[in-house]
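These notes are about the structure you will find just below.
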Amino acid sequence: MRISIIMSLVLTVVVTANAQQVLPLYEKSIPNSKPSADGEKSKVRDGNITIVSNVSVPTLTVYKAAKPCMARSAVIICPGGGYGILAMSHEGADVAKVFNRWGVTAFVLKYRLPNDAIMKDRSIGPLQDAQRAMQMVREHATEWNIDPAKVGIMGFSAGGHLAATASTHFDKAVIDNPKNTSLRPDFSMLIYPVISFSNSLTHLGSRENLIGKFAPPDRIMQFSNELQVTAKTPPAFLVHSSDDDLVPVGNSIKYYEALQSFGIFSEMLLYPHGGHGYGMENTSTTDKWMDRLKEWMLESGYL
């Protein structure tokens with residue numbers, strides 16, 4: 001009996017020690033929100049992929065590195081899903097755990113999905129959450145043993161659009177920022193990202209979900225991030241497949257070209273095959289893009 005009790009206590013301690021901390025993104029009211037019921041739903045699809053929909057209450061899940069690397073860097077991860085759902089496992093939690101093995105503390109952002117029923121202005125809802133995540137990580141950097149000058153952002157597909165938007169719109173705060181905390185990511189990692197909302201390049205579902213079917217040209221240009229790159233845009237690591245039939249490879253190419261026009265240190269990895277939505281595992285090749293990312297982070301001083 002005593003052995004059983006001891007084992008139970010040990011297991012409890014292990015589970016508690018390994019548990020990720022899930023934090024509300026906002027301490028008080030959620031900005032830009034309308035009163036509504038929380039209709040969030042979660043289900044597991046084939047391949048053990050967790051999909052979350054109807055997100056109206058954003059959270060930040062902390063994956064703290066047990067042995068931080070000397071750089072004490074951090075990454076905020078934005079899962080994809082066309083601004084209609086969030087692929088929280090293979091484009092979120094699974095990636096965070098790999099970063100932890102590298103000594104990088106990771107944060108998975110469950111951002112609000114654009115919806116007129118829950119938002120006053122749906123076009124800025126996800127960006128508010130990305131900016132708040134950056135603000136939150138920097139303001140709690142000491143607590144999490146993070147270098148506030150080495151906080152990056154990562155996004156997959158439409159999450160890549162959000163990460164690129166955060167990387168090009170940081171001078172335009174859409175949240176309260178009383179401490180004037182920098183909202184600029186120090187680096188970005190964009191994986192088969194939606195970058196442009198132009199007719200020739202965009203993923204139409206992502207564009208319509210964020211800014212609507214009949215968005216005016218100036219709004220389309222505003223959220224076409226290849227057109228928003230400046231000399232202050234952070235370095236980027238991009239991954240895409242040439243046969244991506246959902247988000248054309250031109251999205252990554254145009255963003256990379258814009259970064260190069262300003263001499264911004266970046267790398268783009270293009271695979272001939274792989275399609276879209278494969279997370280860390282492009283099964284069309286033995287090459288592992290996460291290995292390439294690790295090399296890039298080492299070269300950049302983030303590991």
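Taking every DSSP bridge with both residues inside the chain, close to 45 percent are antiparallel. A compact globular protein would have a Cα radius of gyration near 2.2 N^0.38 Å; the ratio found for segment 29-107 is 1.27. When the charge dipole of the chain is built from unit charges on Cβ atoms (+1 for Lys and Arg, -1 for Asp and Glu) and taken about the Cα centre, the candidate among PRO126, VAL104, PRO178 whose Cα reaches farthest toward its positive end is PRO178. Only helical runs count toward this figure. For the chain, summing -39,500 (n - 2.57) over DSSP H runs of n ≥ 4 and dividing by all residues gives -9000 deg cm²/dmol at 222 nm. Select from LEU60, SER196, THR165 the residue farthest towards the positive end of the dipole of the chain; place +1 on Cβ of Lys and Arg, -1 on Cβ of Asp and Glu, and compute about the Cα centre. Of LEU60, SER196, THR165, it is LEU60.
Please get the size of the charge dipole for segment 160-303, origin at its Cα centre, with Cβ charges of +1 on Lys and Arg and -1 on Asp and Glu, quoted in debye to the nearest 20. It would help to have the intermediate numbers written out before the result.
Working: 11 positive and 16 negative charges, 97 e Å.
That gives a dipole near 460 debye.
Where nothing but the Cβ of Lys and Arg (+1) and of Asp and Glu (-1) is charged, how large is the charge dipole of segment 41-300 around its Cα centre, in debye to the nearest 20?
740 debye
Size descriptors for the chain (Cα atoms only): Rg and Dmax, in that order, 19.0, 72 Å.
A short reminder: the numbers here are calculations on the coordinates, not readings from a lab. None of these values were measured; they are calculated from a predicted model. Counting neighbours? That spans all protein chains shown, and the Cβs are built from the backbone with ideal geometry, glycine included.
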